[in-house]
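The values are calculated or read from the model by the stated rules, or taken from the named source; none is laboratory data. A quick note: this is a predicted structure, and the numbers were derived from the prediction, not measured. Here the Cβ positions follow ideal geometry from the backbone for every residue, glycine too, while neighbour counts run over all protein chains shown.
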Amino acid sequence: MIKLIIFDLGKVILDFSHRDIARGLAAFSTLAKYQDPAKIMDHMFNNGSKIINLYEEGRITTDDFFIYIKESFGLDISFPGFKKIWNEIFKENDGIDMLIERFKKDFMLFLLSNTNELHFEYVKEEYPVINKFDRWVLSYEAGIRKPEPEIFQIALNKAGVKPNETIFIDDIRENVKGAESIGINSVEFKSVNQITTYLEEKTYESRPG
């Protein structure tokens, strides 16, 4: 019987674009190379950037992250200016709030995200849907990122449920496989309608009788 539904944050609850960050930072670069947003995208996001992973695992502070980005790209920018560019990239997916309200009545709902301190502090203030979840499991607090099985186990332990009593939803196939590796029912997110149908079928199947 399903007791817990775990949602990813980025692209599932809130859509976002890293390209918005790249464009914003490029406008403040004093280095010709990094006045091209594509170069910042490649350096920060397209090549498995170690600095992003370290920040999302809480292994470096927000201050150190800002200093590294500022120096790497030759940015003439204040911290408040950087914070605005870094954070204002999100948009709530249409219909997701209604989905959360619908399933919150009968199931524990957790949010499990590879995220960082700046982003999460921002979205929990700006998007009320974030505060409708029963618990948050965040990579920068846990010190580990998806798809490592350990982060899913943290969520199970917090909820006091078994893997087969849980559903996990994520837009990245690698993360879905990570959850499946410990026996969690998992599905790759394509749309709110697709997930609504999946949850209706899966939770109905799990009901006794």
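Overview of results
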quantity: Residues (closer than 27 Å to Asp94 by Cα and touching a strand residue (DSSP E or B) at 6+ places or on another chain (Cβ under 6 Å)) located in the range 153-179; calculated: Ala155, Thr166, Ile167, Phe168, Ile169, Arg173, Val176, Ala179
quantity: Selection within the range 75-106 - farther than 21 Å from Lys190 by Cβ and of a type in the set (Phe, Trp, Tyr); calculated: Phe79, Phe82, Trp86
quantity: Odd one out for Phe168 among (1) in a helix (DSSP H, G or I); (2) in contact (Cβ under 8 Å) with a residue 60 or more places away in the chain; calculated: (1)
quantity: Filtered residue count, the range 107-160, keeping only those that are buried (at least 18 other Cβ atoms within 10 Å of the Cβ), more than 19 Å from Asn53 (Cβ to Cβ) and among the charged types (D, E, K, R); calculated: 0
quantity: Residue match in the range 128-137 (condition: more than 23 Å from Asn193 (Cα to Cα), at pLDDT 95 or above and of a type in the set (Phe, Trp, Tyr)); calculated: yes
quantity: Helices (runs of 4 or more DSSP H) wholly inside the range 73-158 that include at least 1 residues being outside the structural domain of Tyr198 (by TED's automatic domain parsing) and in contact (Cβ under 8 Å) with a residue 40 or more places away in the chain; calculated: 79-87
quantity: Pick from the range 58-85, criterion closer than 12 Å to Leu25 by Cα and among the polar types (S, T, N, Q), ranking: surrounded by the fewest Cβ atoms within 10 Å (Cβ to Cβ); calculated: Ser78
